[in-house]
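Chemist: This structure is in structure tokens; I'll ask about it shortly.
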Amino acid sequence: MSRLYYDKGPGASGGLREGAGGPPPRGGNPYLEKVAKLVPTEVVVGYVTLIGLVPLITVTGQVWLYLVAFVLGLVLTPLYLNYQAEAGRPKKTHLIVSTIAFVVLAYAVSGPTTVPGSYNPAAASFVLVAFSLISGVIPLR
């Protein structure tokens, strides 16, 4: 079974777009949900766990540990999805979009901790919505 996120076709239920044939998603942020679905759960959980552990490690240069966690997620997202992809199904666009989705997710989820001087909640929301709109027109079927 493929672990890649494929958009539902027209008339299928469960799409994130209103009017896609199903009810709109309940609760939560549908933009963050789509971005999170594009990135493997294992990578998201691993990244969030590593980020949460960094403040508990008492060494100088914690910023490097944040960078290591980010690079691991960035590199492992396409590698993991490539390994999990079904043979014969398109995946190149998927791998690119999912890798970009990891960057967007990382900024939105851990920005206040990892880049407090550069994090802006409004900018994070803007990037999430913009990425969701853009990724919505990229066919992932």
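Chemist: State whether the residues of the stretch 62-70 include one that is in contact (Cβ under 8 Å) with a residue 60 or more places away in the chain and at negative phi.
Modeler: From the stretch 62-70, those in contact (Cβ under 8 Å) with a residue 60 or more places away in the chain are none; that's our starting set.
Taking every residue of the stretch 62-70 in turn, none turns out to be in contact (Cβ under 8 Å) with a residue 60 or more places away in the chain and at negative phi.
Chemist: Checking the conditions here, which among Thr60, Thr114 is at pLDDT below 90 and surrounded by 14 or more Cβ atoms within 10 Å (Cβ to Cβ)? Full working, then the answer.
Modeler: Numbers: Thr60 fails: surrounded by 14 or more Cβ atoms within 10 Å (Cβ to Cβ).
One residue alone meets the criteria, Thr114.
Chemist: Same structure again: When both residues are 6+ apart or on different chains and their Cβ atoms are under 7 Å apart, which pairs have a first residue that lies in the stretch 28-50 and is within 17 Å of Val127 (Cβ to Cβ) and assigned to a loop (DSSP other than H, G, I, E, B), and a second that is modelled with pLDDT of 90 or more and not acidic (Asp, Glu)?
Modeler: The qualifying pairs are Val39/Thr77; Val39/Ser98; Val39/Ala101; Val39/Phe102; Val39/Leu105.
Chemist: Related question: Considering each residue of the stretch 93-131, count those that are closer than 22 Å to Gln62 by Cβ and either within 9 Å of the chain's Cα centre (by Cα) or of a type outside the set (Phe, Trp, Tyr) (or both), and give that number. Don't jump to the end; show me each part of the working.
Modeler: From the stretch 93-131, those closer than 22 Å to Gln62 by Cβ are 102-103, 105-120, 124; that's our starting set.
Of the ones still in play, those that are also either within 9 Å of the chain's Cα centre (by Cα) or of a type outside the set (Phe, Trp, Tyr) (or both) are 102-103, 105-106, 108-118, 120, 124.
So the count comes out to 17.
Chemist: Which of (1) surrounded by fewer than 16 Cβ atoms within 10 Å (Cβ to Cβ); (2) at pLDDT below 95; (3) under 19 Å from Val44 (Cα atoms) is the odd one out, the single condition Arg89 does not satisfy?
Modeler: The one condition Arg89 does not meet is (3).
Chemist: Just to be sure, is Ser98 polar (S, T, N, Q), within 30 Å of Pro139 (Cα to Cα) and either crowded, with 19+ Cβ neighbours inside 10 Å or without any contact (Cβ under 8 Å) to a residue 60 or more places away in the chain (or both)?
Modeler: Details: polar (S, T, N, Q): yes; within 30 Å of Pro139 (Cα to Cα): yes; either crowded, with 19+ Cβ neighbours inside 10 Å or without any contact (Cβ under 8 Å) to a residue 60 or more places away in the chain (or both): yes.
Here the answer is yes, as Ser98 does meet what is asked.
Chemist: How many residues, within the stretch 73-91, are in contact with a helix residue (DSSP H, G or I) (Cβ under 8 Å, 6 or more places away or on another chain), closer than 22 Å to Leu50 by Cβ and of a type outside the set (A, V, I, L, M, F, W, C)? Lay out the reasoning, then the answer.
Modeler: Within the stretch 73-91, the subset in contact with a helix residue (DSSP H, G or I) (Cβ under 8 Å, 6 or more places away or on another chain) is 73-74, 76-78, 80-82, 85, 91.
Now restrict to residues that are closer than 22 Å to Leu50 by Cβ: 73-74, 76-78, 80-82.
Remaining after also requiring of a type outside the set (A, V, I, L, M, F, W, C): 73, 77-78, 80, 82.
Looking only at that region, the number is 5.
Chemist: Another question, if that's okay. Just to be sure before I move on: is Tyr47 surrounded by 11 or more Cβ atoms within 10 Å (Cβ to Cβ) and closer than 16 Å to Thr113 by Cα in the structure I sent? Talk me through it step by step, then tell me what you get.
Modeler: Values: surrounded by 11 or more Cβ atoms within 10 Å (Cβ to Cβ): yes; closer than 16 Å to Thr113 by Cα: yes.
So Tyr47 fits the description; yes.
Chemist: Quick one: count up the residues across the stretch 52-65 that are out of contact with any Phe, Trp or Tyr (no Cβ under 7 Å at 6 or more places or on another chain) and assigned to a helix (DSSP H, G or I). Give the steps one after another, and end with the answer.
Modeler: Here is the first cut: in the stretch 52-65, the residues out of contact with any Phe, Trp or Tyr (no Cβ under 7 Å at 6 or more places or on another chain) are 52-53, 55-65.
Keeping just the survivors that are assigned to a helix (DSSP H, G or I) gives 52-53, 55-56, 62-65.
Selection size over the stretch 52-65: 8.
Chemist: Still on this structure, I have one more. Only one residue in Pro30, Pro23 is closer than 15 Å to Ser135 by Cβ and at pLDDT below 80. Which one? Spell out the reasoning first.
Modeler: Values: Pro23 fails: closer than 15 Å to Ser135 by Cβ.
Sole residue among the options that is closer than 15 Å to Ser135 by Cβ and at pLDDT below 80: Pro30.
Chemist: Would you check which residues across the stretch 63-86 are among the polar types (S, T, N, Q) and either buried (at least 18 other Cβ atoms within 10 Å of the Cβ) or over 20 Å from the mean Cα position of the chain (by Cα) (or both) and list them? Show your work before the answer.
Modeler: At the first step, the residues of the stretch 63-86 found to be among the polar types (S, T, N, Q) are 77, 82, 84.
Answer for the stretch 63-86, where residues must be among the polar types (S, T, N, Q) and either buried (at least 18 other Cβ atoms within 10 Å of the Cβ) or over 20 Å from the mean Cα position of the chain (by Cα) (or both): just Thr77.
The values are calculated or read from the model by the stated rules, or taken from the named source; none is laboratory data. Keep in mind that what you see is a predicted model, and the values were worked out from it rather than measured. Every residue, glycine among them, receives a Cβ derived from its backbone with ideal geometry; neighbour counts consider all protein chains shown.
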